[in-house]
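This report refers to the structure that appears directly beneath it.
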Amino acid sequence: MKKRKFGLAMSLVLATGTLLSACGSADEDKGGQADKGEAPAETVDFKVGMVTDIGGVDDKSFNQSAWEGLVEFGSEFNLTEGTGYKYLQSASDAEYEPNLTTFADAGYDLTFGVGFLLEKPIAKIAEQNSDSQFALIDSLLYDADFNAYYLDNVTNITFKEHQGSFLVGLVAAKHSKTNKVGFIGGVESDLIKKFESGFKAGVKAVDPNMEVVVQYAGSFGDAAKGSSIATTMYEQGADVIYHAAGGTGNGVFTEAKNRKKNGEDVWVIGVDRDQHEEGMPENVTLTSMVKRVDVAVYEVSKRAMEGDFPGGEEVVFGLEEDGVRIAPTTDNVSEEALALVEEYEEKILNGELIVPATDDEYEEFLNTLE
């Protein structure tokens, strides 16, 4: 499998270098403590919980990446899964508050809420449990007038998703043969607009005349809706689709695989994790925009355990922190596209290019291409 690392060396590395899967087994043997013959880490008195959004812990995307980071943390510090660290899966929005409360009542030291949909529930439960610590992934807290505010017992973890999305937009444009690509979002929001705006800007940076079609599914957990939208986009001529839709995106892959079986040359760009599937006969993953939620979960958990919990703060992971990037698996990406990614990475890092994150910023970006 061909792999390449882009940009700066990763500043936030996992101490053991072994990332565990959601079921707790090692994906790759990278020489953990047991292999070195070293004694396991001393068990610490610290408990971490995680509440998923409705995409579920096995969504092969956002929630799963967060859980992998927590599993890695628990493994390194010899915590027991189910007591020292665990997750509660939310089947609907109504379960967010009860799940958060369950961890607070059980005396967990830190509880993660995965996704911006947990913003209001975390704000409410954190205010009711001032002695408990919470981490909200992908959102700040907002009052009724949409002004951001902070709570001392809540840290807000955000990413510069637009930067990573710009890079995969470059790849999509370089590989499209129909001059038409698509973007499928989960729930339309300021967050997913960052994915959309960055992706469209990357495409237009390669070819201002390329068409980008956009549609939102209204859900992060509806694979059937993802498949339906992908069907329409492919039938209308798009040959590369980038999804930022969590579990809904699984349906995009299903549709692409079915078309690949019939000889159609279509691609999907994954999100959050490297969604390349080794050994699959229908090779449809062009690349993925990797969002290191696992690193963020690990880092914030470790800081909290060490008494350095960043409560009342926003912790941001961007290209400079290696918080976003294209996937390390580059089997299907041309050398020309890879070179272009490296070129634009440098432009972003040195401030020559400011990637748009909103509709207004995207329109301003288009004006620079004229």
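Starting from 0.36 nm per residue, how many nanometres of slack lie between A94 and E320 once their C-alpha separation is accounted for? Before the final figure, lay out each step's value.
Working: separation 226, 0.36 × 226 = 81.36 nm, distance 3.68 nm.
Answer, rounded to one decimal: 77.7 nm.
Given axes a ≥ b ≥ c from the Cα gyration tensor, I'd like to know whether the stretch 184-284 is rounded (a/c under 1.5), prolate (a/b larger than b/c) or oblate.
Oblate.
Please give me the summed charge of the neighbours of F220: other residues whose Cβ is under 9 Å from its Cβ, Lys and Arg +1, Asp and Glu -1.
So the environment of F220 carries a net charge of -3.
Just want to confirm a number: the relative contact order over the chain, from Cα pairs under 8 angstrom separated by 6+ residues, in percent.
20 percent
Got a number for carbon plus sulfur as a percent of the stretch 155-251's accessible area, 1.4 Å probe? Could the numbers behind the result be given before it?
Details: 1090 of 2710 Å².
So the carbon and sulfur contribution to the accessible surface is 40 percent.
Take the alpha-carbon centre of the stretch 285-327, take the same for the stretch 113-176, and report the distance between them in whole Å.
Taking the Cα centre of each part, the stretch 285-327 and the stretch 113-176 sit 12 Å apart.
Between I354 and K124, what FRET efficiency follows from the Cβ-Cβ distance if R0 is 45 Å, with the result rounded to 0.05?
Plugging the Cβ-Cβ distance into 1/(1 + (r/R0)^6) gives 0.80.
For the residue pair A106 and E364, what label-to-label distance in nm results when each label sits 7 Å from Cα along the Cα-to-beta-carbon direction?
Distance between label points: 4.6 nm.
Does the chain come out rounded, prolate or oblate by the C-alpha gyration tensor, with a ≥ b ≥ c the root eigenvalues, rounded set by a/c under 1.5 and, if not, prolate when a/b is larger than b/c and oblate if not?
Prolate shape, in that a/c is at least 1.5 and a/b is the bigger ratio.
With springs connecting C-alpha atoms under 10 Å apart, model the chain as a Gaussian network and identify which of T111, T80, T329 has the largest mean-square fluctuation.
Sorting by GNM fluctuation, first place goes to T80.
Starting from the 7 Å offset along Cα-to-Cβ, what nm value, one decimal, do you get for the label separation of E81 and D331?
Distance between the two pseudo-spin positions: 2.6 nm.
Take the cross-link list K194/K257; K124/K302; K180/K257 and give me the ones stretching past 21 Å between alpha-carbons.
K194/K257; K124/K302
Could you sort D152, D58, D274, D294 by their accessible area in this structure, using a 1.4 Å probe and putting the largest first?
If we order D152, D58, D274, D294 from most to least accessible, we get D152, D58, D274, D294.
Mind checking the per residue accessible area of the chain for me, 1.4 Å probe, whole number of Å²?
41 Å²
Using protein chains only and a probe of 1.4 angstrom, how many square angstrom of V214 are accessible, to the nearest 10?
Rounded to the nearest 10, that gives 60 Å².
In whole angstrom, and with the biggest value first, how far do the Cα coordinates of the stretch 235-296 range along each principal axis?
Principal-axis extents of the Cα atoms in the stretch 235-296, largest first: 40, 27, 16 Å.
Provide the convex hull volume over Cα atoms per residue for the stretch 259-370, in Å³. Present the calculation step by step, with values, prior to reporting the outcome.
Values: hull volume 19.3 nm³, N = 112.
Here the figure is 172 Å³ per residue.
Given labels modelled 7 Å from the Cα in the Cβ direction, how far is it in nm from E264 to E211?
Rounded to a tenth, the inter-label distance reads 1.5 nm.
The values are calculated or read from the model by the stated rules, or taken from the named source; none is laboratory data. From a predicted model like this one, the values you see are computed outputs, not experimental measurements. Every residue, glycine among them, receives a Cβ derived from its backbone with ideal geometry; neighbour counts consider all protein chains shown. Ligands, DNA and RNA are stripped out before the accessible areas are found, and what is left, the full protein with its side chains, is counted by its heavy atoms. Shrake-Rupley method; radii C 1.70, N 1.55, O 1.52, S 1.80 Å.
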